[in-house]
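Colleague: Below is one structure. I have some questions about it.
The values are calculated or read from the model by the stated rules, or taken from the named source; none is laboratory data. Quantities reported herein were computed from a predicted structural model and do not represent experimental measurements. Because the Cβ atoms are built from the backbone with ideal geometry, glycine has one as well, and the counts that use them run over all protein chains shown. Each accessible area value is taken on the protein alone, full model and side chains, heavy atoms only, with ligands, DNA and RNA left out. Shrake-Rupley method; radii C 1.70, N 1.55, O 1.52, S 1.80 Å.
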Amino acid sequence: MDYLRAFHFLVLILSAISLSEAGSIGVNYGRISDELPSAFKVVQLLKSQGIDRVKIFDADPAVLKALSGSGIRVTVDLPNEMLFSAAKRPSFAATWVKRNVAAYHPTTQIESIAVGNEVFVDPHNTTKYLIPAMRNIHKALVSYNLHSSIKISSPLALSALQNSYPSSSGSFRPELVDLVIKPMLDFLRETGSRLMINVYPFFAYEGNSDVIPLDYALLRENPGMVDSGNGLRYFNLFDAQIDAVFAAMSALKYDDIEIIVTETGWPSKGDENEVGASVANAASYNGNLIRRVLTGGGTPLRPKADLTVYLFALFNENKKFGATSERNYGLFFPDEKKVYDIPFTQEGLKHYRDGGHNTPATGDQQVTPPNNGGGVSKSLTGSTWCVANGDAGKDRLQGGLDYACGDGGADCRPIQRGAPCYSPDTLEAHASFAFNSYYQKKGRAGGSCYFGGAAYVVSQPPSAVRKMRVPDRILKEEENPREKIYSAIYIFVS
């Protein structure tokens with residue numbers, strides 16, 4: 001009997017070790033909606049589903065108070081519009097930490113601070129303030145002796161990469177490397193923090209459904225794809241996108257820094273041209289991803305790198321602008337009912353089957369898996385676009401525009417007066433159209449999106465206005481700021 005008890009005890013210990021080594025699932029709790037339940041109800045919902053990590057896009061007192069004593073670990077955000085003040089005024093950073101972090105921790109278990117969000121695609125040009133802001137926030141944490149328990153990072157979009165396919169060729173955009181990427185990775189190394197990245201296989205599939213197998217995008221069983229650079233076989237696009245970032249860091253000699261996925265998701269509904277947006281596909285992607293994360297194991301390039309992944313998003317948010325998909329990333333409806341039935345814990349996974357078998361039919365759009373014939377697109381990890389750099393100056397923009405529409409052979413007819421894409425009639429908008437036309441004509445070849453520094457590549461679709469979150473309070477302070485954002489991306493969707 002003693003031997004039997006000892007055996008059972010050993011099994012429990014090994015199980016606990018296995019659980020601790022597995023990855024972790026959290027959710028993004030966005031609130032751009034007028035239909036959501038109270039923060040206290042949301043906390044109860046999270047607990048009832050076994051979700052023990054949440055990320056918010058600000059540091060709202062009502063949310064932080066509701067999370068107090070819940071045992072749920074929290075990531076708060078210093079919004080992009082505060083980066084300038086946090087960078088230029090250490091006193092601002094100190095006050096922000098005092099009011100939004102020190103006042104709640106540890107009763108509210110704040111574990112990390114996201115300084116900004118996808119700063120490099122922010123139209124307000126806040127990149128140069130990122131590192132100083134991160135350092136000032138860290139100094140403030142040190143003053144409260146919170147720097148060991150609360151880590152600082154900043155979520156990157158995949159548009160920070162110059163190359164992403166194959167994964168082994170991953171590299172950061174050259175103009176960002178010395179300016180911000182290396183200083184940020186140095187900071188993360190110094191403080192023992194992880195690099196935050198936002199990964200959306202949906203965007204890649206939407207733009208390349210003719211060459212990306214649906215099963216590969218949804219983490220279903222499939223033959224996989226071999227990376228021609230290192231011979232590794234990938235069985236899902238999620239891993240391939242992450243390894244492109246790992247490869248980019250490795251190229252700069254930062255192999256020791258870990259990654260945390262702060263956003264990923266799949267919409268349950270979309271416009272007619274949003275290929276793949278459906279309830280069944282969203283259920284498959286998120287359900288299979290949860291299983292992949294909670295059962296442990298890293299990526300082909302980093303097999304021991306267990307991941308923490310935050311799903312986007314907790315709720316459908318009806319006040320968002322843009323394509324239909326923007327309002328339909330939620331795991332739950334505002335009435336707290338599941339959009340589709342997937343588990344969030346290892347226990348729940350025991351009875352989980354892929355394929356959206358328990359998903360409602362309402363609102364679902366049937367999507368036919370793409371023909372898998374032909375070669376693999378160079379943009380397998382996502383469609384890419386060439387956009388104008390508004391800070392390059394009028395001379396560079398005009399010179400690039402003249403070349404693209406002249407010797408470059410870009411199709412600039414749509415931006416002529418009276419044509420469909422003439423409006424908005426700005427140099428930057430017209431240059432973006434011309435640059436992108438040239439870039440696509442050249443097959444997105446390396447170096448075809450430069451124009452003397454007047455352009456750069458982005459890998460997030462322009463329709464993803466979700467990536468340009470503008471808090472409602474900012475809308476009250478600025479005159480039509482969302483119109484400014486739309487003017488920057490309009491040219492791609494006209």
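Colleague: If I ask for residues that are under 14 Å from residue 100 (Cβ atoms) and assigned to a loop (DSSP other than H, G, I, E, B), which ones from segment 134-149 would you list?
Modeller: Answer for segment 134-149, where residues must be under 14 Å from residue 100 (Cβ atoms) and assigned to a loop (DSSP other than H, G, I, E, B): 144, 146.
Colleague: Restricting the first residue to segment 323-351 and requiring it to be within 17 Å of residue 54 (Cα to Cα) and of a type in the set (Asp, Glu), which pairs with a second residue that is outside any strand (DSSP E or B) and open to solvent by less than 30 Å² (accessible area, probe 1.4 Å) meet a Cβ separation below 8 Å and a spacing of at least six or different chains?
Modeller: Between residues of segment 323-351 that are within 17 Å of residue 54 (Cα to Cα) and of a type in the set (Asp, Glu) and residues that are outside any strand (DSSP E or B) and open to solvent by less than 30 Å² (accessible area, probe 1.4 Å), the close pairs are 336/37; 336/45.
Colleague: So, in segment 239-254, how many residues would count as being open to solvent by less than 10 Å² (accessible area, probe 1.4 Å) and among the charged types (D, E, K, R)?
Modeller: So the answer is 1.
Colleague: Which of (1) under 24 Å from the mean Cα position of the chain (by Cα); (2) modelled with pLDDT of 95 or more is the odd one out, the single condition residue 81 does not satisfy?
Modeller: Every listed condition holds for residue 81 apart from (2).
Colleague: Working carefully through the options 149, 143, find the one that is in contact with a strand residue (DSSP E or B) (Cβ under 8 Å, 6 or more places away or on another chain), of a type in the set (S, T, N, Q) and surrounded by fewer than 19 Cβ atoms within 10 Å (Cβ to Cβ). It would help to see each step written out before you state the result.
Modeller: On the way: 143 fails: in contact with a strand residue (DSSP E or B) (Cβ under 8 Å, 6 or more places away or on another chain).
Result: 149 is the single residue among 149, 143 that is in contact with a strand residue (DSSP E or B) (Cβ under 8 Å, 6 or more places away or on another chain), of a type in the set (S, T, N, Q) and surrounded by fewer than 19 Cβ atoms within 10 Å (Cβ to Cβ).
Colleague: So, one more: I'm checking my understanding of the structure. Among residues of segment 71-96 that are among the β-branched types (Val, Ile, Thr) and in contact with a strand residue (DSSP E or B) (Cβ under 8 Å, 6 or more places away or on another chain), which one is farthest from residue 127 (Cα to Cα)? Please lay out each step first, then the result.
Modeller: First, pick out the residues of segment 71-96 that are among the β-branched types (Val, Ile, Thr): 72, 74-76, 95.
Pick out the ones that are also in contact with a strand residue (DSSP E or B) (Cβ under 8 Å, 6 or more places away or on another chain) and you get 72, 74-76.
Details: 72: 31, 74: 25, 75: 21, 76: 20 Å.
Only one residue tops the list, namely 72.
Colleague: May I pose another question? So which residues in segment 297-317 are at pLDDT below 95, surrounded by fewer than 23 Cβ atoms within 10 Å (Cβ to Cβ) and either more than 21 Å from residue 229 (Cα to Cα) or touching a Cys at 6+ places or on another chain (Cβ under 7 Å) (or both), if there are any at all?
Modeller: 297, 306
Colleague: Restricting the first residue to segment 47-58 and requiring it to be on the phi > 0 side of the Ramachandran plot, which pairs with a second residue that is acidic (Asp, Glu) meet a Cβ separation below 9 Å and a spacing of at least six or different chains?
Modeller: Once the first residue is on the phi > 0 side of the Ramachandran plot and sits in segment 47-58, its partners that are acidic (Asp, Glu) give 50/347.
Colleague: For segment 175-225, how many residues meet the condition of being in contact with a strand residue (DSSP E or B) (Cβ under 9 Å, 6 or more places away or on another chain), at pLDDT below 95 and open to solvent by 60 Å² or more (accessible area, probe 1.4 Å)?
Modeller: Here the count works out to 2.
Colleague: Quick check, is residue 257 β-branched (Val, Ile, Thr), at pLDDT 95 or above and surrounded by fewer than 21 Cβ atoms within 10 Å (Cβ to Cβ)?
Modeller: Values: β-branched (Val, Ile, Thr): yes; at pLDDT 95 or above: yes; surrounded by fewer than 21 Cβ atoms within 10 Å (Cβ to Cβ): yes.
For residue 257, the condition - β-branched (Val, Ile, Thr), at pLDDT 95 or above and surrounded by fewer than 21 Cβ atoms within 10 Å (Cβ to Cβ) - is met.
Colleague: Take the residues of segment 118-140 that are at pLDDT 95 or above, closer than 16 Å to residue 77 by Cβ and open to solvent by 10 Å² or more (accessible area, probe 1.4 Å): which is nearest to the chain's Cα centre (by Cα)?
Modeller: Checking each candidate, the answer is 129.
Colleague: Which is over 24 Å from residue 342 (Cβ atoms), assigned to a loop (DSSP other than H, G, I, E, B) and without any contact (Cβ under 8 Å) to a residue 24 or more places away in the chain, of 230, 222, 273? Walk me through it before giving the result.
Modeller: Values: 230 fails: without any contact (Cβ under 8 Å) to a residue 24 or more places away in the chain; 222 fails: over 24 Å from residue 342 (Cβ atoms).
It is 273.
Colleague: To continue, here is another question. Say we look at segment 276-296 and pick out the residues that are touching a Pro at 6+ places or on another chain (Cβ under 9 Å) and assigned to a loop (DSSP other than H, G, I, E, B); which of these is surrounded by the fewest Cβ atoms within 10 Å (Cβ to Cβ)?
Modeller: Across segment 276-296, the extreme among qualifying residues is 278.
Colleague: Take residue 92 and decide whether it is among the aromatic types (Phe, Trp, Tyr), buried (at least 18 other Cβ atoms within 10 Å of the Cβ) and assigned to a helix (DSSP H, G or I).
Modeller: Yes, satisfied.
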